[in-house]
Amino acid sequence: MTTNDALNRKLNMGLVGGGQGSFIGRVHCTAAVLDNRAALVAGALSSNPERAKASAPDYDIAIDRAYTSIHELLEQEAAKPEGERVDFVSVATPNHTHFEIAKAAVEAGVNVMCDKPMTFDLAQAEELAKAVEASGVVFAVTHNYTGYPLVRQAREMILSGELGEIQAVRSSYIQGWLRTRLENEEQKQAAWRTDPSKSGAAGCFGDIATHAYNLGRYMTGVLPESVSCHLKTFEEGRALDDYGTAVIRAENGGLWTVTASQISHGRENDLFIEIDGTKGALQWRQENPNEMIVRTNGEPHKIYTRDPNAPFMNSAGAAACRLPSGHPEAFFEAFANVYRSAYDAMVLRATGSAVAGPDTVYPNVYDGVEGMYFIQQCVDSSQQDGAWLPLRHALARR
């Protein structure tokens, strides 16, 4: 039995973005329907009317529900009977468009699944958080790496005190795909990610360091106090950073480093985190997501594998699994876990039940605000030659 049973139907999804040539739109669509709890029924797949209509068959969206803007989608869907109109929209567009799309949906009372970073800048993120609080909608940010079973296993272990007090976190996300100026070769993904008018104030740090930072916050619950950052653009002529490192002082006195690169030869999507506590330490790597290493001085190193039936798995880790051990679960399943957790909240809202507050299992609007604050403070610190700047936002998840 799932919480969808209380609603007695699937949730209806509207996809914004994801037109022909999109990567992340297809990921959202695949993850959203993986557990058969939602159906993609409508979309505003492109702002170009012809492309929006032409992309609809790729998703089996009926032509009369292939819209050309979020405003058209919301207006036309609101006119449909309850139970047929969209319950939520997934925002899978470039960064600079997120705010307008998400805010329109929130103000219309429609739940939102938004790609990260949540908005173009911090002011938009703070305004969006206020709108979410006023409307009461479910708002999730797809920091998808939080959905991996062993990440949730680690989070539960850390928050329950198994590692003791957390004193150090080392997180990094290393890629190499922007070692050359792909943005000059009409490569769509490179073009908008390196364009300040579309990506925002940061390049590499906005695109992937936010994942490394969010993962540390999600797994440990440790609150940041201040940050010193150095960003660098190594590819001459590129408008935004392609490498950077930040040192974070935590409120509990601990230290944290975040490093991100998109110019390291041969590196693909190497998101890595290592966490040191007073009772033990652990490490996890996204490219080998079904194993986690836990170490304690004087004891053999432990390798946790993703096994929902093993006694060492806690409830959070086991609940994020779909397959028995030995059958790898990875990117799509982790993405789908963010959706699945948000669906539980959406069904509660739809059936008149109370929805959890800021501290949800899925990344929410407050995590989105934190991500934008992280980007802003890192950029400002780098521009001031690594000056220490505050990093604790008033809306930070505890």
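The values are calculated or read from the model by the stated rules, or taken from the named source; none is laboratory data. Everything numeric here is computed off the predicted structure, so don't read it as measured data. Counting neighbours? That spans all protein chains shown, and the Cβs are built from the backbone with ideal geometry, glycine included.
Quick notes
- Residue check, T142 out of contact with any strand residue (DSSP E or B) (no Cβ under 9 Å at 6 or more places or on another chain), within 30 Å of A330 (Cβ to Cβ) and either assigned by TED's automatic domain parsing to the domain that holds A201 or modelled with pLDDT of 95 or more (or both): no
- With respect to (1) part of a strand (DSSP E or B); (2) touching a residue at least 40 places away in the same chain (Cβ under 8 Å), the lone exception for V247 is condition (2).
- Taken residue by residue, segment 288-303 has at least one member that is within 18 Å of the chain's Cα centre (by Cα) and either of a type outside the set (A, V, I, L, M, F, W, C) or crowded, with 16+ Cβ neighbours inside 10 Å (or both).
- In the condition set (1) over 30 Å from Y243 (Cβ atoms); (2) part of a loop (DSSP other than H, G, I, E, B); (3) more than 19 Å from the chain's Cα centre (by Cα), A387 is compliant with all but (1).
- Selected residue (only one of A345, A334 is surrounded by 21 or more Cβ atoms within 10 Å (Cβ to Cβ), among the aliphatic types (A, V, I, L, M), under 16 Å from the mean Cα position of the chain (by Cα) and under 28 Å from L7 (Cα atoms)): A334
- Among residues of segment 195-233, those that are touching a His at 6+ places or on another chain (Cβ under 9 Å), under 19 Å from R285 (Cα atoms) and either of a type in the set (S, T, Y) or assigned by TED's automatic domain parsing to the domain that holds D115 (or both), counted: 2
- Condition check for A92 on (1) crowded, with 24+ Cβ neighbours inside 10 Å; (2) small (G, A, S); (3) under 26 Å from G352 (Cα atoms): one failure, at (3).
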